[in-house]
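The values are calculated or read from the model by the stated rules, or taken from the named source; none is laboratory data. What you see is a predicted model, and the numbers here were worked out from it, not measured in a lab. Cβ: placed from backbone, ideal geometry, glycine included. Neighbour counts: every protein chain shown.
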Amino acid sequence: MHERHSVLLRKLLSRTVFDGTCRIWQGALNSDGYGNMSIPVWLREEFGHKYGKVHRVVFFLSTGVIAKELMHTCDRPPCLEMAHLVNGTHKENMHDSMDKGRFPRGSTNGTSRLTEADVQEIRQALAEARASWSGKYLPRGIFPALARRYNVSVYCIRSVHVGEAWRWLAP
C-alpha cells in the first residue's frame, strides 16, 4: 500500500466511532445515509469523480479494488468496517435488499397506483370473467374495463393477469 493510501485510510477511520461491530462514519452523509467525501486530487483518476462515498474509498484503499457495487452485510450505509463490505454486482445487491425486506414493492413502492387489495380484486374479477366465459380467451373488453376502473393501463392489468407484476402477492 502506498504511504499516502495508508495516511488517508487512517485519517478516514479516525472519523468513525464503533457501534457494536460497525465502524460508523461521523462526517458528511448523502441523502441515502452513506458517508460522503471530497475525493483527493491524486485519487480522482481512479474514481472519476470529485465527490464519492467514503465506504468505496476505504474499500479501495484497503484492497486496491475499485468496486462498482459494494454491499453492506450489516445493512448500515455509514458503516466503514471492512468485514461488513462485500464486492458484488448490482443484481446481487438488489436481491440482498429484497431478501431482507428493504426493497419497496407493492403499494410501498411510491409509484404504484394499485394497492394489494386492488390486485386481489382484479384477480378475482378476471377469475369470475373466465368462469362465466365459455371461450378459450377472456371476454373481449375485460382488460380495458378493469384498466378504466382502477385508472391504470391495459398493460398493467395484463401484467397482473400473467404474473409479471405483483407476482410476490399470493393469489
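Before moving on, here are some points about what is shown:
- Residues being closer than 21 Å to D75 by Cα and either without any contact (Cβ under 8 Å) to a residue 12 or more places away in the chain or surrounded by 14 or more Cβ atoms within 10 Å (Cβ to Cβ) (or both) are represented in the stretch 3-13 by at least one member.
- Helices (runs of 4 or more DSSP H) fully within the stretch 36-108 counting 1 or more residues that are of a type in the set (S, T, Y): 54-63, 90-99
- Counted residues, the stretch 77-114 - those being surrounded by 11 or more Cβ atoms within 10 Å (Cβ to Cβ), farther than 13 Å from H55 by Cβ and among the β-branched types (V, I, T): 1
- Residue list for the stretch 16-47, restricted to those being free of Cβ contacts under 8 Å to residues at least 40 places away in the same chain, under 23 Å from K91 (Cα atoms) and surrounded by fewer than 16 Cβ atoms within 10 Å (Cβ to Cβ): N30, S31
- Selection count where residues are part of a helix (DSSP H, G or I) and among the polar types (S, T, N, Q), scope the stretch 112-171: 4
- Out of G101, G106, G110, sole residue that is touching a helix residue (DSSP H, G or I) at 6+ places or on another chain (Cβ under 6 Å) and either in the same structural domain as A147 (by TED's automatic domain parsing) or within 29 Å of I157 (Cβ to Cβ) (or both): G106
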